[in-house]
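The structure under discussion appears below in the form of C-alpha cells.
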Amino acid sequence: MTTATETWHLFARGRVQGVGYRAACADRATSLGLGGWVRNRADGSVEVMASGPRERLEALRVWMEAGPPAAHVSKVDMAQAEPQSFDGFDWLPTA
C-alpha cells in the first residue's frame, strides 16, 4: 500500500529571516523525508514548497508555526499546489 503524495505551498511570516529559519526548515523537512525547497522572499517572509505524505507535511507546517528559537512566527499560510516530485530539499535564492 502506498501513501498518497501531496504538494503544499507555505509562507511563514513574522521574524523569520536572519534567525536560521531556512536552515532549520530544510533540516526538519529532510528529517521528515519531504522533497521541495525553501527560500527567503523580498517581503520578509519565507516560502516553502514541500511534497510528501499529508501527515509529514502537517508535521512540517506545525514546526513552521514555531520555527527555530530565535524566530517569531506570526502566521503560516498554506495552499495545496499541483503535485510535484523533488530530489531532496533545497535552498533557493531569494525571490
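Just so you know, all these numbers are worked out from the coordinates, no wet-lab data involved. Keep in mind the model is a prediction, meaning the values are calculated, not measured. A quick note on method: Cβ atoms are made from the backbone with ideal geometry, for glycine too, and the neighbour counts reach across all protein chains shown.
Some notes on this structure:
- Within the listed set GLU82, GLU65, GLU47, the Gaussian network model of the chain (springs between alpha-carbon atoms below 10 Å) gives the highest mean-square fluctuation for GLU82.
- Mean residue ellipticity (222 nm) of the chain, computed from DSSP H runs ≥ 4 via -39,500 (n - 2.57), nearest 500: -8000 deg cm²/dmol
- Within-13-Å neighbourhood charge of GLY67 [Cβ basis; K, R +1; D, E -1]: +4
- Modelled FRET efficiency - R0 35 Å, THR94 with THR5, Cβ distances, 0.05 increments: 0.80
- Charge tally for ALA12 (other residues, Cβ to Cβ under 13 Å; Lys, Arg +1; Asp, Glu -1): +4.
- Under a model in which nothing but the beta-carbon of Lys, Arg (+1) and Asp, Glu (-1) is charged, the range 6-95 shows a dipole of about 300 debye around its Cα centre.
- The range 33-56 and the range 69-89 have their alpha-carbon centroids 3 Å apart.
- Unit Cα scatterers, Debye sum, the chain: log10 I(q)/I(0) for q = 0.13, 0.19 Å⁻¹: -0.37, -0.79
- Label-point separation, SER31 to SER74 (7 Å along Cα→Cβ), nm: 2.8 nm
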